[in-house]
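Step one of this worksheet: look at the structure below.
No value in this document is a laboratory result; all are computed from the given coordinates. Treat the numbers as computed from the prediction; the structure is a model and nothing was measured. For neighbour counting, all protein chains shown are included, and Cβ atoms are generated from backbone atoms with ideal geometry for every residue, glycine included.
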Ligand SMILES: [Zn+2]
């Protein structure tokens, strides 16, 4: 087994290769504005580091967000197209689950990433492998009660200490964590979600004010 | 001919997910998935709606294009993609797909210019482009007059709209007339039954001191809207067919007059018209009439090739391969304002197409 994992749902452009046992190569760069430019060279670099070619990959794992849409789509489109060209399955993993896995906490906690517009994408976890709530997008102040009293990880938690006083690292997701989580679940025979984006918000669109209809249709 | 380059092209600059396959100047497939219906209720293209639709449509559309062309992805000589200009988020979906596809297949990648692609597509209809060719590109996103001396390396802007694109004016007038979106086809239809001389709408930028090759449709749009509002305010019925015909006449009169003038001034004896508005029947007729009178050969591709599609991108990509232009790098970015003077985005000089950047080992030896 050789999994290529990638995630562009947070400011990190992150890629990892997993051979079924361990992560054998990985790369993470933080640059929220250059996902499109950085991802393919990162894939190329990680493969070179492992001394492997892309056609050795037996499955692709992509972070499905939630995350800012433009960046999120870079990873998902890349994963989709790799799947098509290589004829291998493409698996989705919730980006928040990847962060939770990397947090490596025993007790209950919260994962929150930056959703911009003064909001966070977030979910509650019983432990690093067990998510309790569906990913949601909210203003930190509005969820203060639901996240009170437990530690929190992710850039969204670090950004709003009033709501998340016990926030700590990891800040962004790593493809290495995503790959380990996916490998674990696949080995356990679990089915992973389709690689479709979790947008959580409707597209912004203004309906222009229409003229009153006086002309015949 | 089997030795001509076989290229797949991807276009996502606006609301059409286009994937085309060409061999040299021969069209093999032109698969398009449009999100236009999702935008109709907004009266214009909503960028985020378009980007979401591109992501969903891409893989099925690539599949469909390859099946239609009856070729295997392995046999492709290159992957071309619109790098710009266009909607940033929409472009990025296509660029991401093209890069991943080219990389996975071990093929060179060509990031190409959307406007140059609109010109080059005519090769699929009428054979190799004469050099030079004057091109009038008119759509919801662009209104430009371009002089192409070499479609892969030398495209010069002669003039462009200083405000609205021609197609945008059609959309806005259609909205004022409650005819829906997009406005081009429906105005064309109503105009056929109307009198183009019924109302004397203004011809933008045609005064003696105005820029000779630039366009302006904002004043026309306002004049038409005011005329309609006045009719409504007076409680009179709006003569939709005459308004449509007179408005359309004002647009195509200026477009064709300036295009023919540019050909004459530059000594160019070929004019091509592309972009969605090139499907307009009156534009085609008047251009034909004026070109004939001026001894200019007019080339207008069939309507399906005039609107945004992947075949036009593949056509330009094939020309890049045929003329041995440098492929793009793996960090190619989407450039929403890519200048028309850049027909493509060449790499920075090192050979990367089939080679690991770090190990320099050939990926597909
Ligand atoms: Zn166009």
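The antiparallel fraction among DSSP beta bridges confined to the stretch A:89-179 stands at about 75%. The stretch B:241-257 and the stretch A:40-80 have Cα centres spaced 50 Å apart.
What whole-number distance in Å separates the alpha-carbon centres of the stretch A:120-143 and the stretch B:54-126? Each part's Cα centre sits 38 Å from the other's. Taking 0.36 nm per residue of separation and subtracting the Cα-Cα distance, full extension of the segment from residue B:56 to residue B:68 would add 2.4 nm.
Within a 10 angstrom radius of the beta carbon, how do B:296, B:173, B:187, B:79 rank from fewest other beta carbons to most? Before the final figure, lay out the partial values.
Details: B:296 19, B:173 23, B:187 27, B:79 30.
Final ranking by Cβ density, sparse to dense: B:296, B:173, B:187, B:79.
Counting pairs of alpha carbon atoms under 8 Å apart in space and at least six apart in sequence, what relative contact order in percent does chain B give? The value is 26 percent. Over the protein assembly as shown, what is the percentage of antiparallel beta bridges among all DSSP beta bridges, to the nearest 5? Of all bridge pairs located within the protein assembly as shown, approximately 65 percent are antiparallel. You can think of it this way: the chain between residue A:144 and residue A:28 has 38.7 nm of extra reach, that is 0.36 nm per residue less the Cα-Cα gap. Note on chain B: with a GNM built from Cα contacts shorter than 10 Å, the maximum mean-square fluctuation among B:178, B:309, B:113 falls on B:178.
Note on residue B:212 and residue A:187: with the Förster distance fixed at 45 Å, the Cβ-Cβ geometry gives a FRET efficiency of about 0.05. Neighbouring Cβ atoms from other chains, within 10 Å of the Cβ of residues in B:43-54, number 4 on average. Neighbouring Cβ atoms from other chains, within 10 Å of the Cβ of residues in A:70-76, number 5 on average. Among B:258, B:107, a tally of other beta-carbon atoms within 10 Å of each Cβ gives an order, fewest to most, of B:258, B:107. Could you work out the relative contact order of chain A? I mean the mean sequence separation of Cα pairs under 8 Å and 6+ apart, divided by the number of residues, in percent. Rounded, it is 23 percent for chain A.
For a footprinting-style exposure proxy, rank B:16, A:191 by other Cβ within 10 Å, fewest first.
Working: B:16 24, A:191 8.
Least crowded to most crowded, the residues run A:191, B:16.
Describe numerically, in nm with one decimal, the distance between label points set 7 Å from Cα along Cα→Cβ at residue A:168 and at residue B:126. Reported label-point gap for residue A:168 and residue B:126 is 7.1 nm.
Only helical runs count toward this figure. For chain B, summing -39,500 (n - 2.57) over DSSP H runs of n ≥ 4 and dividing by all residues gives -13000 deg cm²/dmol at 222 nm.
Look at where the Cα atoms of the stretch B:284-346 and of the stretch B:167-192 average out, and the two centres are 26 Å apart.
Which FRET efficiency value, to the nearest 0.05, is calculated for residue B:348 and residue B:200 with the Förster distance at 56 angstrom and r the Cβ-Cβ distance? It comes out at approximately 0.55. Remark: the Cα gyration tensor places the protein assembly as shown in the oblate category, a/c being 1.5 or greater and a/b not exceeding b/c. Annotation: extensible slack from residue B:264 through residue B:232 equals 7.2 nm (criterion: 0.36 nm per residue apart, minus Cα-Cα distance).
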